[in-house]
Amino acid sequence: MNFARIYPAFLILFIFFFPCLILAQKVTAKEINLSRNLIQDSVRIKWDFYKNQPLQHVLELRHGLELAKMNADEVLFNDFNAQLKTVVFDLNNIEELKQYVIKAEMLIYAKYFCTSEQEILFSAMGDAMLTKVSDTLQTSINAGIVDVYNPDIEYILKRLMDDKVNIKYKVNNFGKMLRYLWKGDFRYVYHKLTTTYKNTLILFILFSFLVFTIVFYRKKILQLVRVKNNAK
Amino acid sequence: MKKVVNLLCLCAFIALTSFKSHNILNAVPSAASFTMSLCKTGHGSEVQSGDLYNNGSKIGYVIALNRSSQHVKAKYFAFKQNGTSVHDRYDSWRSGKSVVLISSGAYATGFNNTDLPVGLTIDYGNEVNRNLDNTMDGLIIVEDVGGVRVTNIKDGDLKIIYSGTKQEKTINVNESLQKAEFMRWCADEKATVFQTHLLIYKNQLKFTRSYGGNESERKLLVLTKDRSGNVVHFIIYSRGQQFSLYDMANSSLQMLSSNGYDVIAAVNLDTGGLDILSTSTELYDCSNNSIQGTKNSDRRSMTNMLAYYYQ
């Protein structure tokens, strides 16, 4: 192989390659600088939990953070979650709560227009918001602060159910039994009477028999007592 | 006078029969001791059924499903889908399959087939309930290939494998971001997931006697390994006697351990208003009677269903 022949090729390659390398480094540095700004921006984001956040902006931030070799989802979600923790619901202001739920739904359904990689962040944000509503409602219902049959609360509960968030709250078994009776569904009533209220039912039947006996045979009982007393 | 005496006798008779029929007089002894007898075999000798005894008296059924050859598979219907009830979904799915058993699975908020399941639930990749219930530690994954995995949510070490890339990842579903990733994995892999009380995990009881719950009929799904390392699933059902969750789990653990089984996990299956258990015609108890739950007539109302089939 004649080195003199391929030397010019090496030279040309070096002349072109070296500036390209410098340019690439500069671009990367620029992107990293941009990303650093974005990170600062993301920490400064004032998440609006009641109005629509421009998701495109969040996606841009995410892209910038990824370029900076950071765990973009974690940075953005932690930022989001820290602010979410400061949100306090006014359960008397149902309109505000509805807006909040709508915002959460928007984040959850964002998966339909973003990639599967981006979807996780939005889904987690929406999920965290809905969990906060459901936890608050669950605690309030269990503490008796909120009436589960209030139409506004019922609306939120149904909306949450549509969003696949099912709240398990304590209910008064007796009240529930009456509601099932009203609906004409006797299976629940039968189940409760043969399980939870089994002993109560047996005692009730026995007590009823006792009362029945005393009421209907009181004369004979009194007579019996008198006969005994007379015999004494 | 005679009438009064007769009436009082009648009262006493009714009281005694009521007490006896409701198991008050013969209440569960505090030290339950279970034994089992697997006397029937079916489905290529990979499924065995028989009786469950407490202190020598028959109180229910045991079904053992050997998964060593992976012919016995599990399928879970977590909820109705596109307006089709769980029972109707099961009816269309079962054609051409040799169904081993069906049973009620997770808890639901009510008795109607429209009532949602309690805890994180995903049906064949579709979200049913995304609300993680913090009072129940057991997360059960029924895989598309018929396997069942149980994980302790508190440990936060659920392992998922992406079938495409074969990449393995450890997930803590208590973390929102990781939970979202888990749900996407379920959607991609068509996984089915439900939540229930975790009673035994890695041979250890996961709760104390004080948190044992009310006494009731109990039905457990127990995942074990036998001495040869074969995975065997057990359904242990105390139809004839009521137990607290603690007594049921503790006695089942002792029974299986003494029979040489290593208990991977045990979870509670719902026995409340939809206490349903039905087996194929190849499986009976030791007296050749069919194995049935107390509410089998209500199976059309099932809110969810765990099925095992042989393929």
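Among the candidates B:Ser251, B:Ser216, single out the residue that is farther than 29 Å from B:Arg130 by Cβ and hydroxyl-bearing (Ser, Thr, Tyr).
Unique residue meeting the criteria: B:Ser251.
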message: Looking at the structure I just gave you, is A:Phe186 at pLDDT below 80 and exposed (fewer than 15 other Cβ atoms within 10 Å of the Cβ)?
response: yes
field: Selection within region A:56-83 - more than 10 Å from every other protein chain (Cβ to nearest Cβ), under 16 Å from A:Lys103 (Cβ atoms) and buried (at least 18 other Cβ atoms within 10 Å of the Cβ)
entry: A:Val58
query: Which of (1) away from chain A (no Cβ under 14 Å); (2) touching an Asp or Glu at 6+ places or on another chain (Cβ under 9 Å) is the odd one out, the single condition B:Val145 does not satisfy?
result: (2)
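Can A:Thr200 be described as more than 32 Å from the chain's Cα centre (by Cα) and either over 22 Å from A:Phe49 (Cβ atoms) or in the same structural domain as A:Leu97 (by TED's automatic domain parsing) (or both)?
yes
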message: Is it the case, given these coordinates, that A:Tyr100 is among the hydroxyl-bearing types (Ser, Thr, Tyr), within 14 Å of another protein chain (Cβ to nearest Cβ) and in contact with a helix residue (DSSP H, G or I) (Cβ under 9 Å, 6 or more places away or on another chain)?
response: no
field: Qualifying residues in region B:214-229 (those that are part of a loop (DSSP other than H, G, I, E, B) and small (Gly, Ala, Ser)) - the one nearest to B:Lys73 (Cα to Cα)
entry: B:Gly229
query: Mind checking which residues of region B:32-65 are in contact with a His (Cβ under 6 Å, 6 or more places away or on another chain) and under 16 Å from B:Ser290 (Cβ atoms)?
result: none
message: Suppose we filter A:Leu107, A:Leu121, A:Leu130 for residues that are within 16 Å of A:Asn166 (Cβ to Cβ), surrounded by 18 or more Cβ atoms within 10 Å (Cβ to Cβ) and within 13 Å of chain B (Cβ to nearest Cβ); which single one remains?
response: A:Leu130
statement: Condition set in contact (Cβ under 8 Å) with a residue 60 or more places away in the chain and of a type in the set (S, T, N, Q), scope region B:289-311, selection nearest to B:Gly105 (Cα to Cα): answer is B:Asn304
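Taking the condition of being within 14 Å of chain A (Cβ to nearest Cβ) and either assigned to a strand (DSSP E or B) or within 17 Å of the chain's Cα centre (by Cα) (or both), how many residues in region B:173-213 meet it?
6
Rundown of residues vs (1) more than 7 Å from chain B (Cβ to nearest Cβ); (2) under 30 Å from B:Met136 (Cα atoms), yes/no style:
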residue	(1), (2)
A:Asp162	yes, yes
A:Phe174	yes, yes
A:Arg179	yes, yes
A:His191	no, yes
A:Lys198	no, yes
A:Val215	yes, no
A:Arg218	yes, no
A:Leu222	yes, no
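Quick one: in region B:120-134, of everything that is part of a loop (DSSP other than H, G, I, E, B) and touching a residue at least 60 places away in the same chain (Cβ under 8 Å), which residue is farthest from A:Ala124 (Cα to Cα)?
Only one residue tops the list, namely B:Tyr124.
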statement: Residue hits (region B:278-311; of a type in the set (Gly, Ala, Ser) and away from chain A (no Cβ under 14 Å)) are B:Ser278, B:Ser280, B:Ser287, B:Ser290, B:Ala307
task: Would you be able to tell me the number of residues in region B:157-172 that are away from chain A (no Cβ under 14 Å) and among the hydrophobic types (A, V, I, L, M, F, W, C)?
output: 2
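The values are calculated or read from the model by the stated rules, or taken from the named source; none is laboratory data. This is a predicted model, so every value here is computed, not measured. Here Cβ is always computed from backbone atoms with ideal geometry, including for glycine, and neighbour counts include all displayed protein chains.
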